[in-house]
Amino acid sequence: LFYFDASYRPVPLEMQFVGVSEKNYLAKQNIMNEVAYNKLRESQMAVYDERSGNLYVTELGRVASHFYIKAASMVTFNGLLKPHMSTAEVISMLAQSAEFEQLTTHMREEELPELDQMSREVPYPVKGLGGADNKAGKANGCVSAFPSLELSAQLQPITRTVLRIQLAISPTFEWRDRQHGSGMRWHVWVEDGQNEHIYHSEIWLLTKKMARETEPHKLAFTIPIFEPLPPQYFVRAVADSWLGAEAWLELSFQGLILPERMPPHTELLDLDPLPLSALRHPAYQALYAGRFTHFNPIQTQAFHTLYHTDENVLLGAPTGSGKTVGLLIIDEIHLLGADRGPILEVIVSRMRYIAAQSGQHPVRFVGLSTALANAQ
């Protein structure tokens, strides 16, 4: 808040000297303590009981101590804060902080033209701050160019262990080519409440065009979740080239409804292997003649559902257990150059690999397409 010089004079931030003329050492200490406590009480950062001599820190004092906010700034905020304030009013109040005192005392000559230009480009009316030669006016110009983001998110549980997050990002600053260039990189990550684990991280690029759009920008990803659910995770976005430019969002898990627990897998039953005659079709039986005479246990158990019904089936079994189809039909292969192209390539490569590893006959591929000018 302030200090006492060699003459026991408290020197506040405003450089106003208050003398202490008491000669008795203990009395002098009591007077200095009382002066300091009263200053804390005036700034609403502490409550001082004169009768008991007890000092109680307020919530405002804890905030100021945690973020290293100067006492003179807290006095300014106490006088200017209102329940409802516009962006211009908030930035104008911040610009009058004592932390910006060096803007008038340690400003280099080459910085003055740039600050003058920034002050003229502030995208909202600023009252009572003077020009760029005024400390608050300079700070206002700097603060308006400081990059900041507003974050919101939607949570969608995919399973009981996977959570999809759709993050909406809105830039809340005025883009300036001189300060921000053509693009800004932001590091985005999701962490737990104890800052011990990072569950997702990526780099998000904000361009000049994106900064001037009115709709929020979407960023979707998935993260793991664990039971019992923690109270919350946190999303943080930190600018790559601006010190202190950071946004964060609490992802509360209160009321998050997870999908029902999946039933256990189907047990493999002790069934007699079905013969090929169960197909009841000579042409089908001929396809497997000479290769095997009976279906294996997994094929036997799934046979009725697969062969006699149209039910949807998810069959999970080890490689080589007889679940792989020897014929793969690919329709609309003329769309190979579209988005599905890489997916089809992976499927074909995977099928060939499985057939080679399992020792089965090569998989036969049948491609269906519209007329092609170049079948190669």
Full-extension gain between Phe221 and Asn296, please, as 0.36 nm times their residue separation minus the C-alpha to C-alpha distance. 22.9 nm
Please give the length that would be gained between Phe67 and Ser241 if that part of the chain were fully extended, namely 0.36 nm times their separation in residues minus their C-alpha to C-alpha distance (nm, one decimal). 60.4 nm
³J(HN,Hα) across segment 340-354 via Karplus (A = 6.51, B = -1.76, C = 1.60, θ = phi - 60°), whole Hz, x for Gly/Pro? 7, x, x, 5, 4, 4, 5, 5, 5, 4, 5, 5, 5, 5, 5
Counting other Cβ atoms within 10 Å, which GluC sites (Glu not before Pro) in segment 282-353 have at most 13 and lie in a DSSP loop? Glu311, Glu332
Given 0.36 nm per residue, what is the gain on full extension from Arg176 to Leu155 after removing their alpha carbon distance, in nm? 4.2 nm
Given labels modelled 7 Å from the Cα in the Cβ direction, how far is it in nm from Thr305 to Ala27? 9.5 nm
Using only the alpha-carbon atoms of segment 186-279, report the extent along each of the three principal axes, biggest first, to the nearest angstrom. 73, 33, 23
Exposure ranking of Arg164, Arg51 by accessible area [1.4 Å probe, largest first]: Arg51, Arg164
Once all protein chains are kept in place, Asp49 shows an accessible area at probe 1.4 Å, nearest 10 Å², of 50 Å²
Amide H to amide H under 5 Å from Phe295: which residues, 5+ apart in sequence or cross-chain, H placed 1.01 Å off N in plane? Leu274, Leu276
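The values are calculated or read from the model by the stated rules, or taken from the named source; none is laboratory data. The structure presented is a predicted model; accordingly, all values stated were derived computationally and were not measured. Positions of Cβ are generated from backbone atoms using ideal geometry, with glycine treated the same way; all protein chains shown enter the neighbour counts. In case anyone asks, the SASA skips ligands and DNA or RNA and just uses the protein heavy atoms, side chains included. Shrake-Rupley method; radii C 1.70, N 1.55, O 1.52, S 1.80 Å.
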